[in-house]
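Since the structure comes first, as structure tokens, the remarks are kept for the end.
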Amino acid sequence: MEDRYFSRLLWYIIAGTRGGVNRARILKYLIERPYNSNQLANLLSIQYKTVQHHMKVMVSNGMVSKLEGTGYGSVFFLTPLMENHIHVLDKIWEKVRQKELRRDAQEEGRY
């Protein structure tokens with residue numbers, strides 16, 4: 001069942017903030033299976049601290065949960081609420097990707 005508030009929050013966190021693309025990429029990986037921050041940093045070719053920041057934002061907004069008690073190497077996974085909103089994430093991702101492709105095409109035209 002879709003929660004309209006959570007859907008709007010997801011739109012804001014992914015499409016309305018600077019780190020939204022990386023957050024969406026992280027969520028896409030977490031659909032497959034749980035990962036820790038180091039694994040995600042390697043998969044996405046971004047800094048570990050950047051992943052940690054995004055995870056903190058997504059945990060505090062109910063998108064991702066952390067398996068407690070594991071310390072370094074803590075494993076993150078999607079919350080049930082996020083799992084119920086994958087279709088919203090897919091819709092947002094499609095819009096964000098189209099925007100990225102248009103921007104890239106415009107930049108290529110300038111050079």
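The values are calculated or read from the model by the stated rules, or taken from the named source; none is laboratory data. Please read these numbers as outputs of a predicted model, since none were measured by experiment. Every residue, glycine among them, receives a Cβ derived from its backbone with ideal geometry; neighbour counts consider all protein chains shown.
Per-structure values
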item	result
Identity of the residue in segment 55-98, within 11 Å of the chain's Cα centre (by Cα) and assigned to a strand (DSSP E or B), that ends up surrounded by the fewest Cβ atoms within 10 Å (Cβ to Cβ)	Leu78
Verdict on Asn38 being closer than 15 Å to Leu78 by Cβ and either out of contact with any Cys (no Cβ under 6 Å at 6 or more places or on another chain) or at pLDDT below 95 (or both)	no
Within segment 21-39, considering residues that are surrounded by fewer than 18 Cβ atoms within 10 Å (Cβ to Cβ) and in contact (Cβ under 8 Å) with a residue 60 or more places away in the chain, the one farthest from Val51 (Cα to Cα)	Lys28
For Arg18: the one exception among (1) more than 14 Å from the chain's Cα centre (by Cα); (2) at pLDDT below 95	(1)
Number of the exception - Ile46 against (1) surrounded by fewer than 18 Cβ atoms within 10 Å (Cβ to Cβ); (2) hydrophobic (A, V, I, L, M, F, W, C); (3) in a helix (DSSP H, G or I)	(3)
Answer from Ile13, Ile26 - the residue that is farther than 13 Å from Leu78 by Cα, in a helix (DSSP H, G or I) and within 9 Å of the chain's Cα centre (by Cα)	Ile13
